[in-house]
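The values are calculated or read from the model by the stated rules, or taken from the named source; none is laboratory data. Computed from a predicted model, the values in this text were never measured in an experiment. Cβ coordinates were reconstructed from backbone atoms using ideal geometry, including for glycine residues, and neighbour counts include every protein chain displayed. Each accessible area value is taken on the protein alone, full model and side chains, heavy atoms only, with ligands, DNA and RNA left out. Shrake-Rupley method; radii C 1.70, N 1.55, O 1.52, S 1.80 Å.
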Amino acid sequence: MSHWPDTRIIDLLGIELPIIQAPMAGATGIAMVVAASEAGGLGSLPAAMLSTEQLREDLKTIRQQTRRPINVNFFCHQPPAADEPRAQAWKTLLEPYYRELGVDFDAPTPVSNRAPFDDATCKIVEELRPEVVSFHFGLPEQSLLDRVKATGAKVLSSATTVEEAIWLEQHGCDAIIAMGNEAGGHRGMFLTDDISGQVGLFALLPQIVDAVKVPVIAAGGIADARGVAAAFVLGASAVQVGTAYLFTPEAKVSASHHQALRTAKESDTALTNLFTGRPARGIFNRVMREIGPMSDKAPAFPLAGGALLPLRAKGEAQFANLWAGQAFPLSVEMSTAELTRHLAEQGLAKLTRT
């Protein structure tokens, strides 16, 4: 496939189609990564919820099934200091739900964790050498980043503001993911924690394109060919698509998440920190409506989810994160490979139509 107005990402990453399957922790597995890469896009494996051994085994399995470029995604947050009073206040806020559902409130609170990129995971990157390594919440410390780049991997990271994009370019990113406010899952923000000023993709993307020299990948609110074409018109070199892949048979989503994606209204998502402690976009459920999607009582990322785990076991849909971007109603049912090719073929057709 040719005639894309900007082929810098295709050339940089060694892929055929400028379609990046977003790494979605908990929903993306080996099958989705392989299918997206084999279709000519870039499959992305989320590593934040994997142990080092799981990560190593998953990458080895992926390598057995495809020799095409793949992306491995890591979080770059700082693990929070212990704050028992805040943790207890958060659990107390949830106590009525414990009583209602017959869950033992006095039992130890489970740990909800997501691991940041560190020496151990860097060694796996050095061992198995994925072609692309992407980060969320900024970049790792310079010594780790230097080791990643020494493997030959291309480095991507998400920016939610122009300032973050400039910072990422200055600190060695090969390409930047412009993450609009519409995007599902965790905000990639790292230079600010104020969500009130978050910008939509159509406003953010051209400003980032104008501010940096490296190629820019558009993310947020892209679920069909119209979004792909619009992103290129605004200066993107590729698109990263997440929620639309949740409608594929390769997606590992719960029955309640599957149902919510197919029945919720377009206005039924919000940014919430209830499930992890960081703002992330998901479909409204009971706990979001009754507590409010944002709470200053939620423990720091990634600990907020621990107190919700026993409630999820009793009524998952009402107490679990149902991540989704604002364009989820535009998604259609097809396989990962079909979706990857469809977005590229139809997006390019719209760009080249005269």
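Filtering Ile20, Ile15, Ile9 for residues that are assigned to a helix (DSSP H, G or I) and over 26 Å from Ala313 (Cα atoms) leaves a single hit, Ile9. For region 13-25, the set of residues classified as out of contact with any Ser or Thr (no Cβ under 9 Å at 6 or more places or on another chain) and under 16 Å from Phe74 (Cβ atoms) consists of Ala25 only.
Does region 239-251 include one or more residues that are open to solvent by 20 Å² or more (accessible area, probe 1.4 Å) and touching a strand residue (DSSP E or B) at 6+ places or on another chain (Cβ under 9 Å)? Yes, region 239-251 contains a residue that is open to solvent by 20 Å² or more (accessible area, probe 1.4 Å) and touching a strand residue (DSSP E or B) at 6+ places or on another chain (Cβ under 9 Å). Of the numbered conditions (1) without any contact (Cβ under 8 Å) to a residue 40 or more places away in the chain; (2) under 22 Å from Ile15 (Cβ atoms); (3) surrounded by 15 or more Cβ atoms within 10 Å (Cβ to Cβ), Phe202 fails exactly one; give the number of that condition. Only one criterion in (1) without any contact (Cβ under 8 Å) to a residue 40 or more places away in the chain; (2) under 22 Å from Ile15 (Cβ atoms); (3) surrounded by 15 or more Cβ atoms within 10 Å (Cβ to Cβ) is unmet by Phe202, namely (2). Contact map, region 156-170: residues that are free of Cβ contacts under 8 Å to residues at least 12 places away in the same chain and open to solvent by 60 Å² or more (accessible area, probe 1.4 Å) paired with residues that are assigned to a helix (DSSP H, G or I) and not hydrophobic (A, V, I, L, M, F, W, C), Cβ distance under 6 Å, separation 6+ or inter-chain. No pairs are found.
Table: residues versus (1) free of Cβ contacts under 8 Å to residues at least 12 places away in the same chain; (2) surrounded by fewer than 23 Cβ atoms within 10 Å (Cβ to Cβ); (3) under 19 Å from Pro96 (Cβ atoms).
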residue	(1), (2), (3)
Ser254	no, yes, no
His257	no, no, no
Leu274	no, no, yes
Leu322	no, no, no
His342	no, yes, no
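Within region 98-122, the set of residues being touching a residue at least 40 places away in the same chain (Cβ under 8 Å) and under 29 Å from the mean Cα position of the chain (by Cα) comprises Thr109, Pro110, Val111, Ser112, Asn113, Arg114, Ala115, Pro116, Phe117, Ala120, Thr121.
When region 124-181 is examined, which residues are found to be farther than 15 Å from Val72 by Cα, among the acidic types (Asp, Glu) and part of a helix (DSSP H, G or I)? Residues satisfying the conditions are Asp146, Glu163, Glu164, Glu169. Checking Ala89, Ala48, Ala39 one by one, the residue that is open to solvent by 20 Å² or more (accessible area, probe 1.4 Å) and small (Gly, Ala, Ser) is Ala89 and no other.
Scanning region 37-91 for residues being more than 22 Å from the chain's Cα centre (by Cα), more than 30 Å from Leu274 (Cβ to Cβ), free of Cβ contacts under 8 Å to residues at least 12 places away in the same chain and not in a loop (DSSP other than H, G, I, E, B) gives a total of 1. Cβ-Cβ distances below 8 Å connect the following pairs, each with a first residue in region 276-303 that is under 19 Å from Asn113 (Cα atoms), a second residue that is open to solvent by 20 Å² or more (accessible area, probe 1.4 Å) and among the β-branched types (Val, Ile, Thr), and a separation of six or more residues or different chains: Pro279/Ile195; Leu303/Val111.
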